[in-house]
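This report refers to the structure that appears directly beneath it.
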Amino acid sequence: MQNRRRSSGLVLPMVVAVWAAAVPVARAAPPVDVDAMRTAVRMLEQFAAIPSASADHAAVRTAAAWLQERFTALGFATQLLEDSLTAPGANPIVFAERRVPGSHPTVLFYLHYDTQPTGGKGDWQSTGGEPFAPRLVSGAFDGATATTLHAATLDAAAIAAARLYGRGVADDKAPIVMHLMALAPWLKTPAAARLNLKFILDGEEEAGSPHIEATLARSRALLQADLLVLCDGPMDALGRPSVYLGTRGDMHMRLRVRTATLSGHSGNYGLLPNAAFRLAALLASMKDAKGNPTIQGLMDDVEPPTAAERATLVRASEAEETMARHFGVRHFDGDPALSYYERLLFHPGLVVNEMSAGRPGNQVPNTAEATLEVRLVTAQDPRRVFEALRRHVAGFEAAQGWEPAAELEYVEGVAAGRMHTTDAAVARGIHAVEQAAQTPLLVYPTLGGTLPLLHSFAAAGFHYVGLPLVNFDNNQHVGNENVKLVVIADGMRLLGRLYDSLADF
């Protein structure tokens, strides 16, 4: 899921309410179907070996053909939805549909098959520097006893601990393979005669899905559905079943500082004002010692959680220690009096994405630049937030007597968006997932990341829920991306039961 620029991605989710409907008592998972898992891993290895980074249009089309072949083999009618006339070179959406006679519920699943760029080879120690050469490992690749495994020789014990490494394995190709594997046996069951299934597989999600709005407008009748289920994003850090009802917004800015016409020799002209120090001071002024933003007006329009929501946020935040241990930190930023998830998703997040100033050698740099990002919460307007940042920069500079003024440039932004449990279709969707999970759900009102395409779906009249299916520590968007085999097995079982419950939607 995207995590930079227009769609800045699915970071860790948050929770606001626990669905209260009665569900079956949780029970132990059945034994893993080893043969099915061997097939699933081989399929995912093949799929993940296609280097379908969004910018590689030829590879994306290869992946699209791969998907068409597999859905066609399952009995789905497939076609490519693309904007080739108005946007030559755009990546296609793969559409797959299976309709059954009579009047039955129709559910549309959204996933994406493009990937983020890979970064440098040095980021991929797990795969020998080759991000599109998936490697099956007995556990964490850097563990003392880690060994390379092969799908053909997997057994139940290995499946319980193994991970598959490679770009795109978690974001978002494993969930697609889970569906393909779950569909094959389910389509032979009686319930398959009571549900119309559609899939929309996006080839541009990691580029912000720039053409999906046009696709929805042009193909609205084709895509009609009673419920949209988005399968993207990471699961709860403690592995608790969950759904999400939206995503945070996102905006990007560039902050530039110039102190002199030229950089100067640090010995002869060491008294020149240093742009790097000025930039650092400006950035440091934007947060206090606890990591809370100090921008006046940044919290304008923020809607606080209700008492019930706050209680659920506390429960969800039981995963904080697990996440801190994963990232190797003692604590996270923000007011420790508030729960982790209230800080994360009911308070806008200010992030420095990157900084640059000067070059190696004896110089005083005259320019410095930083890219800033704000994760927006429900009801915040990106332009109003930008004005609050602009006023802060101007006020801080005036207090210091600095000239010339720094430049803060607005790059792009998208507001947060979400569904609500008061929506009848959304409520039925939550209930269907809960029945499939066989345990009460955590209902996340929003993810930490951003999906601009949700605005397009909402504007087109879709009612949606999000269903995360991959481990939280999957390293999406960075090196050594991975998926645990056990979550693939769990996901296949969950989806098989979900199709059943959706047949009664």
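Give me the 1.4 Å probe accessible area per residue for the chain, excluding ligands and nucleic acids, in Å².
41
Within the stretch 119-184, what whole-number % of the accessible surface is contributed by carbon and sulfur, with the 1.4 Å probe and all protein chains included in the calculation?
58
For the stretch 424-494, give the percent of accessible area contributed by carbon and sulfur heavy atoms, probe 1.4 Å, rounded to a whole number.
So the carbon and sulfur contribution to the accessible surface is 58 percent.
Suppose accessible area is computed on protein heavy atoms with a 1.4 Å probe; arrange Asp232, Asp142 from highest to lowest.
Accessible-area ranking of Asp232, Asp142, largest first: Asp142, Asp232.
Kirkwood-based Rg over Rh for the stretch 169-229 (C-alpha set), two decimals?
My calculation of the ratio gives 1.02.
With every protein chain present, what accessible area does Ser103 have (1.4 Å probe, heavy atoms only), rounded to the nearest 10 Å²?
120
Please list, ordered by chain and number, the residues whose modelled amide H lies under 5 Å from the amide H of Val470; skip anything fewer than 5 residues away on the same chain.
Met235
What number, in percent, do you get for the relative contact order of the chain if the mean sequence gap of Cα pairs under 8 Å and at least 6 apart is divided by its residue count?
It comes to 29 percent, rounded to a whole number.
For the stretch 112-183, what class follows from the C-alpha gyration tensor (a ≥ b ≥ c being the square roots of its eigenvalues): rounded when a/c is under 1.5, otherwise prolate if a/b is larger than b/c, else oblate?
oblate
Step through the residues of the stretch 425-440 one at a time and calculate ³J(HN,Hα) from phi using the Karplus curve (6.51 cos²θ - 1.76 cosθ + 1.60, θ = phi - 60°), rounding each to whole Hz and writing x for Gly and Pro.
Values, residue by residue: 5, 5, 4, 5, x, 4, 4, 4, 5, 5, 5, 5, 6, 6, 6, x Hz.
Shape verdict for the stretch 416-505, please, from the Cα gyration tensor: rounded (a/c under 1.5), prolate (a/b greater than b/c) or oblate.
Note, shape of the stretch 416-505 comes out oblate.
Normalised radius of gyration for the chain, please: alpha carbon Rg relative to 2.2 N^0.38 Å, two decimal places.
Its radius of gyration relative to the 2.2 N^0.38 Å reference: 1.02.
In deg cm²/dmol and to the nearest 500, what is the mean residue ellipticity at 222 nm of the chain if only DSSP H runs of at least 4 residues count, each as -39500 (n - 2.57), divided by the residue total?
Counting only the DSSP helices, I get -9000 deg cm²/dmol.
Could you give each residue of the stretch 133-150 its phi-based ³J(HN,Hα) in whole Hz, using Karplus coefficients 6.51, -1.76, 1.60 with θ = phi - 60°, and x for Gly or Pro?
Per-residue couplings from phi come out as 10, x, 10, 8, 10, 5, x, 4, 4, 9, x, 4, 10, 5, 9, 6, 10, 10 Hz.
Show log10 I(q)/I(0) for the stretch 265-346 at q = 0.14, 0.17, 0.24 Å⁻¹, two decimals, from a solvent-free Debye sum over equal Cα scatterers.
Debye curve over Cα of the stretch 265-346, log10 I(q)/I(0) at q = 0.14, 0.17, 0.24 Å⁻¹: -0.66, -0.83, -1.18.
Say a paramagnetic label sat at a point 7 Å from the Cα of Val100, along Cα to Cβ; which residues of the stretch 190-220 have their backbone N under 11 Å from it?
190-197
With a 1.4 Å probe and every protein chain left in place, tell me how much accessible area Phe332 has, in Å² to the nearest 10.
Here the accessible area works out near 50 Å².
Starting from the 7 Å offset along Cα-to-Cβ, what nm value, one decimal, do you get for the label separation of Thr39 and Glu69?
With each label placed 7 Å out from Cα toward Cβ, I get 1.7 nm.
In whole angstrom, note down how far apart the Cα centers of the stretch 362-403 and the stretch 463-505 are.
Answer, in whole Å: 39.
Contour minus end-to-end for Glu387 and Ala459, with contour as 0.36 nm per residue of separation and end-to-end as the Cα-Cα distance?
Computed gain between Glu387 and Ala459 is 23.2 nm.
Between Ala280 and Ala337, 0.36 nm times their residue separation minus their Cα-Cα distance comes to what?
Result: 17.7 nm gained on full extension.
Please report the antiparallel percentage of the DSSP beta bridges confined to the chain, to the nearest 5.
70
Taking the Cα-to-Cβ direction at Met299 and at Glu318 and moving 7 Å from each Cα, how far apart do the two end points lie in nm?
2.9
List the aspartates and glutamates whose Cα sits under 15 Å from the Cα of Lys287, skipping any in the same chain fewer than 8 residues away.
Here the aspartates and glutamates satisfying the reach criterion relative to Lys287 are Asp333, Asp335, Glu373.
Asp300 accessible area, nearest 10 Å², 1.4 Å probe?
Its accessible surface works out to 70 Å², give or take rounding.
Only bridges with both residues in the stretch 70-202 count here: give the DSSP antiparallel percent, nearest 5.
65
Taking trypsin sites (Lys or Arg not before Pro) that fall in a DSSP loop and have at most 14 other Cβ atoms within 10 Å as cut points, what is the longest piece of the chain between them?
In short, 331-505.
Would you mind computing, in nm to one decimal, how far apart the modelled labels at Ala260 and Ala146 are, each placed 7 Å from Cα along Cα→Cβ?
Output for this residue pair reads 4.7 nm.
The values are calculated or read from the model by the stated rules, or taken from the named source; none is laboratory data. Predicted, not measured: the structure shown is a model, and the values here were computed from it. Methodologically, a virtual Cβ is constructed for each residue, glycine included, from the backbone with ideal geometry; neighbour enumeration extends over all protein chains shown. Side chains are part of the model used for accessible areas, which takes the heavy atoms of the whole protein and leaves out ligands, DNA and RNA. Shrake-Rupley method; radii C 1.70, N 1.55, O 1.52, S 1.80 Å.
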